[in-house]
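Just so you know, all these numbers are worked out from the coordinates, no wet-lab data involved. This structure is a prediction, so every number in the text was calculated from the model and none was measured. Counting neighbours? That spans all protein chains shown, and the Cβs are built from the backbone with ideal geometry, glycine included.
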Amino acid sequence: MSNHEEFYDNPDVRAKYIARRTQSDNPNDTLERPIFLELAGNLNQLDIIDLGCGDASFGKEALLQGARSYIGIEASSAMIDLALATLTNTSGKVYHERLETWKAQSEQADLVASRLAFQYVENLEPVFREAYQALRPGGRMILSVEHPVITSNFTSLAEGHRTTWLVDDYFKPGARSHQWLGHAVTKYHRTLEEYFDLIRMTGFKLEHIRESCPQPQNFSSQKEYERRMRIPLFLFLSARQAIHASPTRDRT
Ligand SMILES: C[S@@+](CC[C@H](N)C(=O)[O-])C[C@H]1O[C@@H](n2cnc3c(N)ncnc32)[C@H](O)[C@@H]1O
């Protein structure tokens with residue numbers, strides 16, 4: 001069993017994760033969600049694939065907004081259970097699969113989304129190539145990840161509620177193990193340049209970069225807003241499938 005499956009399948013982690021996601025001014029709702037949805041824009045009539053979908057709450061939201069279809073890909077069986085519950089009475093589907101082994105059907109989607117999952121994947125290039133194949137010409141991949149200044153070094157997280165952030169070993173990409181939600185987890189650090197190169201080398205055209213700049217109206221606490229003004233938590237990239245087919249794999 002790989003690291004992230006052990007991590008998210010642990011009942012203690014799952015309980016803490018859900019508690020964190022529902023607490024007031026949590027970073028997902030104040031920082032990640034508003035920018036991701038802004039980048040995604042109108043979801044009406046889109047076929048969507050969500051890589052590392054977690055509880056698939058994006059799927060429910062997208063289908064309510066008129067998305068034509070939603071498929072979530074998720075490695076953790078605990079998260080699959082949550083996703084199936086979220087998608088009850090919708091047309092949304094989830095597949096229990098690792099991103100590393102996921103094989104897309106060619107030109108099946110208008111949008112490949114991935115929210116805060118790619119920092120768990122050691123080798124992203126094949127995943128980006130698969131996403132490219134999955135998209136129709138002109139389709140988009142929109143991703144959010146923990147920001148490289150955060151993944152560079154987790155030492156200050158060990159102190160609990162962060163008041164200082166240490167950026168260190170920035171130009172040393174690779175695994176970073178640390179304690180999160182009371183348990184060890186491994187994430188993979190990449191520089192901004194590496195994300196950009198991955199986008200370009202897999203055939204995508206980068207359209208937008210965002211860095212989770214906080215908006216005061218998304219916070220109930222001024223103090224928390226000020227704290228989030230100090231450092232970017234998340235990085236967002238929005239990229240378009242360049243109209244020509246990728247040369248890397250024959251379309252079926
Ligand atoms: C921080 S959660 C985010 C969940 C969801 N995208 C959201 O934003 O609410 C990261 C998710 O990615 C999944 N994940 C991590 N690595 C994965 C992999 N290699 N293959 C599939 N899913 C993975 C985890 O199991 C977890 O559900």
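Among the numbered conditions (1) crowded, with 18+ Cβ neighbours inside 10 Å; (2) within 12 Å of the ligand (Cβ to nearest atom); (3) farther than 21 Å from PRO11 by Cα, tell me where ASP110 comes up short.
(2)
Kindly list the number of the only condition in (1) surrounded by fewer than 19 Cβ atoms within 10 Å (Cβ to Cβ); (2) of a type outside the set (Phe, Trp, Tyr); (3) over 27 Å from LYS187 (Cα atoms) that fails for PRO34.
(3)
Checking ARG200 against (1) in contact with a helix residue (DSSP H, G or I) (Cβ under 9 Å, 6 or more places away or on another chain); (2) not in a strand (DSSP E or B); (3) not polar (S, T, N, Q), which single condition isn't satisfied?
Unmet for ARG200, out of (1) in contact with a helix residue (DSSP H, G or I) (Cβ under 9 Å, 6 or more places away or on another chain); (2) not in a strand (DSSP E or B); (3) not polar (S, T, N, Q): (1).
Exactly one condition in (1) touching a residue at least 60 places away in the same chain (Cβ under 8 Å); (2) outside any loop (DSSP other than H, G, I, E, B); (3) more than 12 Å from the ligand (Cβ to nearest atom); (4) not hydroxyl-bearing (Ser, Thr, Tyr) is not met by ASN28; state its number.
(3)
A quick yes/no check of all residues on (1) closer than 16 Å to ALA83 by Cα; (2) in a helix (DSSP H, G or I):
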{"site": "ARG20", "(1), (2)": "no, yes"}
{"site": "ASN42", "(1), (2)": "no, no"}
{"site": "ILE48", "(1), (2)": "yes, no"}
{"site": "LEU63", "(1), (2)": "yes, yes"}
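Consider ALA104 against the criteria (1) part of a helix (DSSP H, G or I); (2) farther than 22 Å from PHE236 by Cα: it satisfies all of them except one. Which criterion is unmet?
All conditions are met except number (1).
Can you confirm whether the stretch 87-98 contains a residue that is under 30 Å from LYS172 (Cα atoms) and surrounded by fewer than 20 Cβ atoms within 10 Å (Cβ to Cβ)?
Among the residues of the stretch 87-98, at least one is under 30 Å from LYS172 (Cα atoms) and surrounded by fewer than 20 Cβ atoms within 10 Å (Cβ to Cβ), which makes the answer yes.
Hey, can you tell me all the residues within the stretch 53-103 that are of a type in the set (Lys, Arg), within 12 Å of the ligand (Cβ to nearest atom) and more than 19 Å from VAL13 (Cβ to Cβ)?
Of everything in the stretch 53-103, just one residue is of a type in the set (Lys, Arg), within 12 Å of the ligand (Cβ to nearest atom) and more than 19 Å from VAL13 (Cβ to Cβ), namely LYS60.
Given the conditions (1) more than 20 Å from LEU51 (Cβ to Cβ); (2) in a loop (DSSP other than H, G, I, E, B); (3) touching a strand residue (DSSP E or B) at 6+ places or on another chain (Cβ under 7 Å), which single one is not true for HIS178?
Only one criterion is unmet by HIS178, namely (2).
In the stretch 130-140, is there at least one residue being within 9 Å of the ligand (Cβ to nearest atom) and buried (at least 17 other Cβ atoms within 10 Å of the Cβ)?
no
Return the pair list, or none, for Cβ contacts closer than 9 Å from residues in the stretch 34-60 that are of a type in the set (D, E, K, R) to residues that are in a loop (DSSP other than H, G, I, E, B) and more than 15 Å from the ligand (Cβ to nearest atom), at least 6 apart or on different chains.
The qualifying pairs are ASP47/ALA67; ASP47/ARG68; ASP47/GLN108; LYS60/THR90.
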